[in-house]
Amino acid sequence: MDTLTLSRIQFALTSMFHYIYPPLSIGLGVILVFMEGMYLKTKKPVYEQMTRFWVKIFGLTFAIGVATGIVLEFEFGTNWAAYSRYVGDVFGSALAAEGIFAFFLESGFLALLLFGWNKVSPRVHFFSTVMVALGSMFSAVWIVVANSWMHTPAGYHIVQTVNGPRAEITDFWAMVFNPSAMDRLSHVLAGCWQAGAWLVISVSAYYLLKKKHTEFAKASIRIALILALIASVWQLITGHISAEGVSQNQPTKFAAFEGHFTKSAVAPMRFFGWVDEKEERVKGGIAIPGLASFLAFGDFNRPVMGLQAFPKENWPPLNLTFQMYHLMIVMGILLIVLSVLGVILLWRGSLFKTKWLLRIFVVAVLAPQIANQVGWVTAEVGRQPWIVYGLLKTKDAVSKTVQGWEVFTSLMMFTSIYVLLFLVFIYLLDQKIRKGPVEEEGMTQHRA
């Protein structure tokens with residue numbers, strides 16, 4: 001394989017592996033605020049016990065997330081030097097803002113969150129929990145802003161330099177609030193809340209099935225299920241809004257979502273199928289006539305631009321985009337169904353006796369992870385062949401001096417290290433779950 005292909009594989013591997021952890025920490029941060037807030041309000045020991053336990057899980061995900069995220073920033077310089085020169089002014093501003101306004105806030109209060117239980121007052125500790133949760137979400141804000149600019153560039157102009165053209169910011173806030181930024185941010189945050197919520201639900205369901213730590217598990221699952229329901233419904237709404245934005249700003253990607261080839265025609269929404277690029281049609285599956293037109297424009301009869309309206313060299317990989325998009329939708333619907341069903345049974349008082357659903361809850365922790373991963377694959381692969389939509393193609397963004405064998409060597413190294421890190425994460429997570437929540441020394445003093 002050539003340098004470009006290997007560099008794309010390497011960046012996909014490192015970014016997808018890294019993205020296992022930030023959604024968990026962002027979602028857990030929100031849940032920790034609710035749990036510790038309930039403790040301050042009610043003074044019930046179970047809420048402090050819950051907060052202490054999930055803080056440990058949060059600390060583990062945060063640590064692995066930081067370690068795996070550092071690699072990505074180096075790759076911009078090693079593998080994608082041409083891209084970095086082109087968008088350094090834009091991308092660097094967003095990443096600097098992320099460091100100043102998010103990472104410093106989050107890491108600054110993290111020590112109080114982890115180690116300040118018996119050293120500061122309950123209210124000060126709760127304040128640190130809120131700050132860490134806000135910091136984790138602010139981090140997502142700036143990363144999504146930077147990525148969204150690559151999809152819908154705004155607030156810039158192109159200047160010619162001795163090293164070639166580069167984008168420079170002319171309006172910082174236009175760059176921040178580029179056409180897709182807020183829609184994508186709300187969709188990403190909903191996915192993060194679901195990841196954290198379903199981790200709590202999964203572990204709590206496991207304890208209920210094992211008849212261990214039942215009071216802790218019941219209280220935890222109540223809070224997490226409410227967040228999971230809110231996040232799943234919000235994700236459906238923001239997903240629809242994002243689809244409208246894609247249809248207007250990236251019509252080629254929207255056509256790829258549904259395998260819509262006809263130059264201009266009413267577009268159906270398909271459930272499953274296989275995209276045949278040679279015959280330019282989708283084989284198999286079920287299609288609802290006009291539904292994609294409705295998603296894009298709110299009109300079942302409005303024509304949608306198809307792939308034939310664009311040069312073939314600007315088509316993304318069609319089948320991969322199509323399959324990932326539909327898998328994302330399936331996972332989203334599944335999470336809505338499980339959340340609604342869980343809340344209904346919780347309200348009726350029968351959830352904790354419904355063992356078949358609790359068993360599903362244990363493994364459902366994978367669903368938001370799958371949805372988040374395939375959602376990013378859909379967004380990034382669907383943007384191809386552009387790395388900055390309409391401005392810079394991916395093939396022109398790769399480093400010119402890096403050799404294929406060098407990328408392959410580092411790819412093998414990172415794969416080995418990341419597999420090892422994942423195994424360590426799973427081992428430590430399993431150890432903490434098996435140990436479970438305990439009445440720790442000092443809890444009485446903290447409650448006082």
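The values are calculated or read from the model by the stated rules, or taken from the named source; none is laboratory data. Quick caveat, the model's predicted, so the values are computed rather than measured. Note that we place each Cβ from the backbone using ideal geometry, even for glycine, and neighbour counts take in every protein chain shown.
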Yes/no for Gly390 being within 21 Å of Lys56 (Cα to Cα) and at pLDDT below 90: no
Subset of the stretch 38-51 [surrounded by fewer than 21 Cβ atoms within 10 Å (Cβ to Cβ) and charged (D, E, K, R)]: Lys41, Lys43, Lys44
In the stretch 352-387, the residues that are touching a Gly at 6+ places or on another chain (Cβ under 8 Å) and more than 25 Å from Arg184 (Cβ to Cβ): Leu357, Phe361
Yes/no for Pro311 being under 24 Å from His151 (Cβ atoms), loosely packed, with under 14 Cβ neighbours inside 10 Å and either of a type in the set (Phe, Trp, Tyr) or at pLDDT 85 or above (or both): yes
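Modelled with pLDDT of 85 or more and at positive phi, is that true of Lys56?
So Lys56 does not fit the description; no.
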Whichever residue in the stretch 402-445 is part of a loop (DSSP other than H, G, I, E, B) and charged (D, E, K, R) and, among such residues, is modelled with the lowest pLDDT: Glu441
Extreme residue, farthest from the chain's Cα centre (by Cα), among residues of the stretch 21-37 that are surrounded by 19 or more Cβ atoms within 10 Å (Cβ to Cβ) and aliphatic (A, V, I, L, M): Met35
Residues that are without any contact (Cβ under 8 Å) to a residue 24 or more places away in the chain and of a type in the set (D, E, K, R), drawn from the stretch 295-335: Asp299, Lys312
Residue check, Phe104 aromatic (Phe, Trp, Tyr), more than 22 Å from Leu134 (Cβ to Cβ), surrounded by fewer than 15 Cβ atoms within 10 Å (Cβ to Cβ) and without any contact (Cβ under 8 Å) to a residue 60 or more places away in the chain: no
Within the stretch 133-175, tally of residues that are touching a Gly at 6+ places or on another chain (Cβ under 6 Å) and assigned to a helix (DSSP H, G or I): 4
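Are any residues in the stretch 350-396 closer than 30 Å to Gln248 by Cα, in contact with a Leu (Cβ under 8 Å, 6 or more places away or on another chain) and outside any helix (DSSP H, G or I), and if so, which ones?
Of everything in the stretch 350-396, just one residue is closer than 30 Å to Gln248 by Cα, in contact with a Leu (Cβ under 8 Å, 6 or more places away or on another chain) and outside any helix (DSSP H, G or I), namely Trp386.
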Enumeration of residues in the stretch 79-132 that are of a type in the set (Lys, Arg) and at pLDDT 85 or above: Arg85, Arg123
Number of the condition not met by Trp234 [criteria: (1) touching a helix residue (DSSP H, G or I) at 6+ places or on another chain (Cβ under 6 Å); (2) buried (at least 21 other Cβ atoms within 10 Å of the Cβ)]: (2)
Residue ID - modelled with the lowest pLDDT, chosen from residues in the stretch 147-171 that are buried (at least 22 other Cβ atoms within 10 Å of the Cβ) and of a type in the set (A, V, I, L, M, F, W, C): Ala167
Ser399, sole failed condition from (1) of a type in the set (S, T, N, Q); (2) assigned to a helix (DSSP H, G or I); (3) in contact (Cβ under 8 Å) with a residue 24 or more places away in the chain: (2)
Leading residue by the ranking (surrounded by the fewest Cβ atoms within 10 Å (Cβ to Cβ)) among those in the stretch 107-137 that are under 19 Å from the mean Cα position of the chain (by Cα) and among the small types (Gly, Ala, Ser): Gly135
Identity of the residue in the stretch 192-240, in a helix (DSSP H, G or I) and charged (D, E, K, R), that ends up nearest to the chain's Cα centre (by Cα): Arg222
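Condition check ((1) over 19 Å from Leu423 (Cα atoms); (2) not aliphatic (A, V, I, L, M)) across all residues:
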| site | (1), (2) |
| --- | --- |
| Trp54 | yes, yes |
| Ile57 | no, no |
| Phe62 | no, yes |
| Phe76 | yes, yes |
| Tyr83 | yes, yes |
Among (1) closer than 20 Å to Trp198 by Cα; (2) modelled with pLDDT under 90 - the single one Val30 does not satisfy: (2)
Filtered residues of the stretch 8-30 (kept if hydroxyl-bearing (Ser, Thr, Tyr) and either free of Cβ contacts under 8 Å to residues at least 12 places away in the same chain or out of contact with any Asp or Glu (no Cβ under 8 Å at 6 or more places or on another chain) (or both)): Ser15, Tyr19, Tyr21, Ser25
Selected residue (criterion: surrounded by the fewest Cβ atoms within 10 Å (Cβ to Cβ)) from residues of the stretch 253-292 that are among the small types (Gly, Ala, Ser), over 18 Å from Pro311 (Cβ atoms) and in contact with a Pro (Cβ under 7 Å, 6 or more places away or on another chain): Ala265
